[in-house]
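Trainee: Below is the structure I would like to discuss, written out as structure tokens.
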Amino acid sequence: MDIFALVMWPIKFAIEVVLVSWHWVFTQLGLPADGGVGWVLSVVGLVVVVRSAMIPLMVRQIKSQRMMMELAPELKKLQAKYKGKTDRYSREQMSREQMELYKNRGTSPFASCLPLLVQMPIFFGLYTVLNEAGKGLAGVGLLSETMAKGFANATLFGARLSDTLSAQFSSADPNVAVIIVATILVALMVGSQFFTQLQIMGKNISPETKASPMFKQQRMVLYFLPFVMVFSGVAFPLGVVFYWFVSNFWTMVQQYVVIRNMPNPGSDADIARIERLRRKGKLVEPEAIAAEVSAAPVSRQRQQPVSKKRKASATKPANAAGKPSTSQSKTGASAAKPAASPNKPTGSGSTQNSAQGGSGQNPKKKGK
């Protein structure tokens, strides 16, 4: 067993488990076991299982795209910093600083390609399973020889899933059904891929990102990738092309939902979403949010109850610092009274003085 077969063995085993399981389900629902409809629907079930398992990767791809949008102004400044510097040291320094930016933000420019890279082994695994089934060989797992022959001979509108479009061009007696079905499937596969990428780049990209050189490179990939898919669709069996088309259709619907409900900030889709929410009256304006935040009561911590002893101990330092207590204030008041009354006669003294004053009010008269 060569290295490629050793690497593909677990992938082929998993593909066979999914295909045979879905085929059993459709057989229990009443479809004939040796019919082509059951196997075609099993390929659709394989797409559902694979793409459902890839939803976390899709979420990571969306986050990576948002991070790349936030990094666009910093990358533009970095490119302006090294503009005109073509020496080796400047280029290496620019690459290091770019990688440092990606590392600090936890993203990578290749994260958007991760779902496609993960699906490539599935394509090759399904291609290997169909190729071996067309030769009448059993699979590595649950796909027996009888089931392999049924899978290879399953037809889609009169064309077998194991047939290829390139084989019909070199055949002396080509199958017209295979040519028509394969051509339609390849056209649908390329068209769905192109429409999905055009939808992302046309509606879900901010103006800052559109002005960056990276966006121009992505647009080149947009027009270059369909030509690659045309050659792949001609060489691959119809089962793989059908899987590719259904997977692209899944991606197209998924991107439509994501762009409509969670568009990138500043993009055309984001502006359309804001207008749509404003027409429905569901848009929360920033001024309303600020007013609601300012009008919200300030939460205060509840004051803990204090015992009488703690209150008394808390007042003692205050008294020692200069605040007189009740007894001290009384003593001070009593001590202040004599000090304030030397010029003021008291009780009997005042009577005596008044009597003396009465008798001696006019001393001159007494002398007379």
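Trainee: Could you identify the single residue in L78, L101, L130 that is under 30 Å from A187 (Cβ atoms) and either in contact with a Ser or Thr (Cβ under 8 Å, 6 or more places away or on another chain) or assigned to a helix (DSSP H, G or I) (or both)?
Mentor: L130
Trainee: For segment 135-173, which positions are over 44 Å from the mean Cα position of the chain (by Cα) and surrounded by 14 or more Cβ atoms within 10 Å (Cβ to Cβ)?
Mentor: L137, K149, A167, Q168
Trainee: Starting from residues that are over 11 Å from Y243 (Cα atoms), within 38 Å of the chain's Cα centre (by Cα) and of a type in the set (S, T, N, Q), keep the ones in segment 27-61 and report whichever is surrounded by the fewest Cβ atoms within 10 Å (Cβ to Cβ).
Mentor: Across segment 27-61, the extreme among qualifying residues is S52.
Trainee: Considering each residue of segment 1-16, count those that are open to solvent by less than 50 Å² (accessible area, probe 1.4 Å) and of a type in the set (V, I, T), and give that number.
Mentor: Total meeting the criteria: 2.
Trainee: Further question: Just to be sure I understand, how many residues within segment 108-135 are over 14 Å from A5 (Cα atoms) and modelled with pLDDT of 75 or more?
Mentor: Summing the residues that are over 14 Å from A5 (Cα atoms) and modelled with pLDDT of 75 or more in segment 108-135 gives 9.
Trainee: Please find, among V246, V240, V230, V234, the residue that is open to solvent by less than 10 Å² (accessible area, probe 1.4 Å), part of a helix (DSSP H, G or I), modelled with pLDDT of 80 or more and under 27 Å from A133 (Cβ atoms).
Mentor: V240
Trainee: Across segment 89-107, what is the number of residues that are farther than 20 Å from I62 by Cβ, aliphatic (A, V, I, L, M) and in contact with a helix residue (DSSP H, G or I) (Cβ under 7 Å, 6 or more places away or on another chain)?
Mentor: Count: 1.
Trainee: Out of all the residues in segment 213-223, is one or more more than 25 Å from A159 (Cβ to Cβ), modelled with pLDDT of 80 or more and either in contact with a Ser or Thr (Cβ under 6 Å, 6 or more places away or on another chain) or open to solvent by 50 Å² or more (accessible area, probe 1.4 Å) (or both)?
Mentor: Among the residues of segment 213-223, not one is more than 25 Å from A159 (Cβ to Cβ), modelled with pLDDT of 80 or more and either in contact with a Ser or Thr (Cβ under 6 Å, 6 or more places away or on another chain) or open to solvent by 50 Å² or more (accessible area, probe 1.4 Å) (or both), which makes the answer no.
The values are calculated or read from the model by the stated rules, or taken from the named source; none is laboratory data. This one's a predicted model, so the numbers in the text were calculated from it and none came from an experiment. With ideal geometry, Cβ positions are generated from the backbone for all residues, glycine too; neighbour counts draw on all protein chains shown. Ligands, DNA and RNA are stripped out before the accessible areas are found, and what is left, the full protein with its side chains, is counted by its heavy atoms. Shrake-Rupley method; radii C 1.70, N 1.55, O 1.52, S 1.80 Å.
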